[in-house]
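The values are calculated or read from the model by the stated rules, or taken from the named source; none is laboratory data. This one's a predicted model, so the numbers in the text were calculated from it and none came from an experiment. Neighbour counts are summed over all protein chains in view; Cβ atoms, including those assigned to glycine, are modelled from backbone coordinates with ideal geometry. Calculation scope for accessible area: heavy atoms of the full protein, side chains included, ligands and nucleic acids excluded. Shrake-Rupley method; radii C 1.70, N 1.55, O 1.52, S 1.80 Å.
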Amino acid sequence: MAMRSPYRAATDHHAAAETARAQRGTWVLAGIFSSTMSAKTAARLIRTGSEKYVGYQPAGAFEAYATPTGDEVTVWVRYVAGEEPVSPLPDRMTVRIRHDGDGPGYSGVGIVTVTISTRCPACGGPRGWETVRPHHFHHDGDQYTVDRWTNPCGHTDMYVAVLRESRDRQLPPPAPAPPEQAAPPAEDGPVALILTAAASRRGMHAKQAALLLEEHGHSDAAALIRAELKERRGHMSAKGAASFLRDLAKPDPDSAPTSTTTRNVP
Ligand SMILES: [Zn+2]
């Protein structure tokens, strides 16, 4: 299947914003990042109308999300300012697909209901969740129904990949929470560095935290703190910077567990 996408890669945010403004409600690829943290920060700054991304101002004129595609993380935006409401993009979609079982020699037709992301795994753009429609087929005299959909990006979802995706997204049940705090941060991680320093420096500011991180080679994290500091107009303590970084590292709602239920039709 030929891969076709109407969206072009754009690190030029001015162009991305222009393109999105010209097609209100349509998601446009705005950037490709190598880290989840930077992508999520960019999406947030775009939504909040940050000075860093003037093309997307004012705050709330654009929606933005970050989503992984292979080794990269893409940021998608859409222009939503105006009177007419724009239908929200759900995080997930539930569809029926055909899956005739994993084992060899299985002869029945299986219809499986899976819940998957509404983001295309190939490009990160929205899947055609609004185009989901039933498709009927016959097998040995019985009628079955599966779902079909058309992705606006042109990428085609194969049932095998969709099934794998829904299974990959299954997370193990959460471990019982320890009474105090969860696992301590990695010894030499940016968060731990800040917290250790802040413990011995009363009133330590986020600006000092950023400097400290830079000294220890965490320039990406330092840049994120500086961007956030600007957003908060200079009001952030070192501890605040640590929890900001910790929040960024938290998984997206996107990566929350999803369900798969199987109904095999003999
Ligand atoms: Zn796609």
Result for the stretch 92-170: accessible area per residue, probe 1.4 angstrom, in square angstrom, of 50 Å²
Using alpha carbon positions and the Kirkwood radius, the Rg to Rh ratio of the stretch 13-79 is 0.95
Everything considered on the Cα gyration tensor (a ≥ b ≥ c; rounded for a/c under 1.5, else prolate if a/b is larger than b/c, else oblate), the stretch 29-116 must be described as oblate
Ranked output for segments 196-202, 31-37 by mean other Cβ atoms within 10 Å, highest leading, reads 31-37, 196-202
Expected unfolding gain across Glu51-Thr150 under the 0.36 nm per residue rule, minus the alpha-carbon gap, is 32.0 nm
Here, Glu18 and Tyr159, labelled 7 Å along Cα→Cβ, have an inter-label distance in nm of 4.5 nm
Rounded to the nearest whole number, the per residue volume of the convex hull around the C-alpha atoms of the stretch 92-170 in Å³ is 92 Å³
Per its Cα gyration tensor (rounded if a/c is under 1.5, else prolate when a/b beats b/c, else oblate), the stretch 190-249 is best filed as rounded
In the stretch 87-154 the accessible area split gives carbon plus sulfur, as whole percent at 1.4 Å, a share of 49 percent
Regression test value, accessible area per residue of the stretch 190-249, probe 1.4 Å, units Å², expected 55 Å²
As straight-line cross-link partners of Lys40, the qualifying aspartates and glutamates (C-alpha separation under 16 Å, not fewer than 8 residues apart within one chain) are Glu63, Asp71, Glu72, Asp91, Asp220, Glu228, Glu231, Asp247, Asp252, Asp254
